[in-house]
Amino acid sequence: MKKINLLFILSFVSLTLLIGCSEDDTSNGETPDNAETIADFVASNAEFSLLNEAIIRVGLNTSLDGTDNYTLFALNNTAFQDYLTAEEYSSVSQMPIEVLNSLMLNHLAAGNVPTSDLQGYRNSFSEVEDNKLTLFTTNSNGVLINGNASISTPNITRSNGVIHVLNQTIDFLNVTDMSQTSTDFTLFAELLEAASDDNVNYTALLSSEEFTYTIFAPSNQAFQDLFAFMGVSGISEIPQKVLGDILDHHIVTGDNFQDGDFVQDQILTTRSGEDITVSLENGISFSDATSTPTGIVTPNIQTTNGVMHNVDRVLWSQRVLETIDPTITRWIEVDTDFSILETALEVTGLDVVLDDRETEYTILAPNNAAFLTYLDGEDVDDVPVDILTNLLLNHILTGNVASGDLSTGYITTQATYNETDNNIGMYVDTSSGVQFNGTASVSQADVSVSNGRIHVVDGVLTLPTLATFANADTNLSSLLTALTRDDQPDYISTLNTEMDSGDTPYTFWAPGNGAFDDLLVELGLNDISEINSVTLTGALNTHIVALQNLRAEDLESGPLATLGDEITVDAVTGTLTDLNDRTATIITTNIQAANGVMHSIDKVLLPQ
């Protein structure tokens with residue numbers, strides 16, 4: 001509890017349940033003709049002996065016996081004793097004087113205020129940093145003060161004011177308490193709860209007496225205007241991270257700025273790290289990232305740990321504005337289902353790249369479930385940065401690529417082969433939805449953002465090997481059948497060998513399904529299973545070059561050694577000739593994998 005300025009000990013008094021009181025005791029708040037003061041009333045009624053003791057101890061009896069008008073929210077002995085018991089004080093005299101003084105002043109207001117006028121905000125004489133604490137009262141169903149103390153006997157008028165008897169002490173309200181008590185802050189209080197997460201509990205933060213706050217609390221109507229602008233029906237439809245960003249821009253930490261403390265062009269740095277600017281030209285207003293003035297509806301709602309100003313607009317930070325038109329990075333940051341991807345982007349620095357509004361990208365975004373499967377119990381922070389970077393680049397395409405722009409075949413990602421400038425390939429299958437490399441499918445397509453597009457995928461796309469393409473490409477199904485025939489070497493394991501292991505890199509000449517159909521006709525066979533085992537092994541070996549990543553630009557005309565027979569390359573015409581003088585044409589070049597490069601050809605090469 002804040003220590004109260006004792007110079008403002010204007011008065012504190014109590015009131016009592018009157019039995020058989022005179023008509024002027026229950027008047028409508030008008031000062032009666034009798035000369036009995038508030039102090040006289042409290043002192044003369046045994047029901048308020050504890051209150052009278054408290055008033056005398058803090059020195060309020062003189063003020064309450066004078067001619068200035070006051071409103072006393074009076075505790076009878078039962079209410080006072082309940083307070084002493086709850087706070088573990090044996091008597092009024094045991095209470096620290098500053099605590100007692102603060103308590104008494106919090107039950108005293110200026111003027112003669114009948115219950116009919118007890119609606120909304122009213123200052124007590126209790127102070128924090130020389131500012132009187134604000135009480136919030138409602139009278140729709142009896143009078144309730146600060147959400148907890150109700151009046152049991154109202155409007156006992158005396159020569160210098162009025163007494164309202166309470167059923168318990170009035171609570172001291174901090175920012176969180178006031179937000180939860182005042183009907184003006186129904187949605188702001190909801191925001192405090194909804195914006196909280198494991199990192200920041202806003203209800204606890206704004207309950208703390210460790211710091212002083214200035215709070216710009218939007219009115220309920222201001223929130224309704226926000227919902228209409230964002231196209232949502234309420235706070236529950238706004239992502240939690242966005243709610244935190246919104247709330248942070250309404251909190252100034254370390255200062256208790258009442259309306260009289262503001263000066264023209266004053267810069268207030270909010271908890272968001274961004275500024276709002278004060279203007280006094282047409283009353284007090286605040287300029288946010290939109291440069292739209294925000295006015296004060298109700299100023300100076302003083303609590304124990306800061307002051308609240310009820311304002312007529314939600315203040316926009318640049319960060320929140322960017323949520324309405326987010327970049328790829330901002331979209332990922334907002335959705336908690338992509339928190340692992342968010343961390344990975346931050347670790348690698350790719351969050352900065354994907355936050356650039358001047359360059360368009362498309363990201364294939366794995367959600368948390370996909371990443372958890374990939375990580376298999378490890379933390380994303382434990383993945384070496386260079387490996388993690390290339391992994392993420394394997395999910396990034398250049399430009400704004402809509403799902404409708406994709407067709408079955410190969411594209412390239414931003415991942416690169418073995419620290420070169422050669423971009424890694426990716427096989428796209430659009431026969432049923434959109435699938436990449438045969439392992440990850442699009443679960444949510446075409447999320448349009450300011451600098452590109454997002455396709456949510458259900459798996460992490462590891463860097464492909466040559467075996468990945470052989471397994472995924474539907475036009476290589478006949479080749480896959482040959483590679484995996486039971487009587488053949490384990491070609492898939494060979495083509496799946498990690499880079500810098502075995503005989504990697506490999507150059508793989510991949511005949512399509514049509515090439516195998518032609519081969520069967522040429523051999524007079526009906527099915528791949530009928531091809532002689534030795535012949536098939538020799539043929540498959542002839543399609544693999546070890547220890548070389550021969551891209552189209554690297555090919556030179558002349559003989560080329562393979563795992564099988566030598567072949568002859570014609571780099572000019574883009575053809576390969578086997579020892580049987582059978583020539584295959586290279587159809588698609590430079591399908592780059594992590595452990596080598598694949599070129600599709602139109603004829604199966606045969607051993608001699």
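The values are calculated or read from the model by the stated rules, or taken from the named source; none is laboratory data. The shown structure was predicted, so the numbers you read here are calculated from the model rather than taken from an experiment. Every residue, glycine as well, gets a Cβ built from its backbone with ideal geometry; the counts of neighbours run over all protein chains shown. Surface areas here come from the heavy atoms of the whole protein model, side chains and all, with no ligands, DNA or RNA. Shrake-Rupley method; radii C 1.70, N 1.55, O 1.52, S 1.80 Å.
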(message) Distances longer than 25 Å among the Cα atoms of region 333-439: what percent of all pairs is that?
(response) 21 percent
(message) Could you sort D245, D503 by their accessible area in this structure, using a 1.4 Å probe and putting the largest first?
(response) D503, D245
(request) Only helical DSSP H runs with n ≥ 4 go in: add -39500 (n - 2.57) per run for the chain, normalise by residue count and round the 222 nm mean residue ellipticity to 500 deg cm²/dmol. (result) -7000 deg cm²/dmol
(request) Can you check what the Kirkwood hydrodynamic radius comes to for region 558-608, Cα pairs only, in Å to one decimal? (result) 11.5 Å
(message) For a distance above 38 Å, tell me the whole-number percent of Cα pairs in the chain that qualify.
(response) 55 percent
(message) Taking 0.36 nm per residue of sequence separation and subtracting the Cα-Cα distance, how much length would be gained by fully extending the chain between L579 and D458, in nm to one decimal?
(response) 39.0 nm
(request) Would you mind telling me the share, in percent, of accessible area of region 137-201 contributed by carbon and sulfur at probe 1.4 angstrom? (result) 38 percent
(message) At R0 = 35 Å, how high is the FRET efficiency between L520 and T589 if r is their beta carbon distance? Nearest 0.05 is fine.
(response) 0.85
(request) Have a look at N423, S196, G120 and report the one farthest towards the positive end of the charge dipole of the chain, computed about the Cα centre with Cβ charges (Lys/Arg +1, Asp/Glu -1). (result) G120
(request) Calculate the length of the line joining the C-alpha centroid of region 540-557 to that of region 578-608, in whole Å. (result) 8 Å
(request) Quick one: work out the % antiparallel among DSSP beta bridges in the chain, nearest 5. (result) 70 percent
(message) Need the full-extension length gain, D325 to S431, defined as separation in residues times 0.36 nm minus the C-alpha distance. One decimal, nm.
(response) 34.9 nm
(message) Under 19 Å from a point placed 7 Å out from the Cα of V534 along the Cα-to-Cβ direction: which residues of region 555-584 have their backbone N that close?
(response) 563-566, 579-580
(request) Kindly state, to the nearest 0.05, the FRET efficiency for S116 paired with A46, given R0 = 35 Å and r defined as their beta-carbon distance. (result) 0.75
(request) Starting from the exponent 0.38 and prefactor 2.2 Å, build the expected Rg for region 360-506 from its residue count and divide its actual Cα Rg by it. (result) 1.09
(request) Along each of the three principal axes of the Cα atoms of region 196-288, give the extent in whole Å, ordering the values from largest to smallest. (result) 37, 33, 21
(request) Could you work out the mean projected area of the convex hull around the alpha carbons of region 225-348, in square nanometres to one decimal? (result) 9.1 nm²
(request) Only Cα pairs under 8 Å and at least 6 apart count here; give the relative contact order of the chain as a rounded whole percent. (result) 8 percent
(message) Could you tell me the relative contact order of region 434-503? Use alpha-carbon pairs under 8 Å, at least six residues apart, and round to a whole percent.
(response) 24 percent
(message) Can you give me the distance in nm between label points at D275 and T62, each placed 7 Å from the Cα along the Cα-to-Cβ direction?
(response) 4.9 nm
(message) Let's see if you can work this out: charge +1 on each Lys and Arg Cβ, -1 on each Asp and Glu Cβ, no other charges. What is the dipole magnitude of region 452-531 about its Cα centre, in debye to the nearest 20?
(response) 380 debye
(message) Beyond 16 Å, how much of the Cα-Cα pair distribution for region 121-230 remains, as a whole percent?
(response) 68 percent
(request) Return, ordered by residue number, the residues of region 530-568 whose backbone nitrogen is under 12 Å from a label point located 7 Å along Cα→Cβ of Q608. (result) 565-568
(request) With a point put 7 Å past each Cα toward its Cβ, work out how far T398 is from E566 in nm, to one decimal. (result) 3.9 nm
(message) How much length would be gained if the chain were fully extended between T474 and Q444, taking 0.36 nm per residue of separation minus their Cα-Cα distance, in nm to one decimal?
(response) 8.5 nm
(request) Please name whichever of H309, M598, S207 sits farthest to the positive end of the charge dipole of the chain, dipole taken about the Cα centre and charges placed at Cβ: Lys and Arg +1, Asp and Glu -1. (result) H309
(request) Hey, could you get me the Stokes-Einstein D for region 281-368, Kirkwood radius over alpha-carbon pairs, 25 °C and 0.890 mPa s, rounded to whole µm² s⁻¹? (result) 154 µm²/s
(message) For Cα pairs less than 8 Å apart in space and 6+ apart in sequence, what is the mean separation divided by the residue count of region 119-250, i.e. the relative contact order in percent?
(response) 16 percent
(message) Run the simple label-point estimate for T420 and N513 please: 7 Å along Cα→C-beta, distance reported in nm.
(response) 3.1 nm
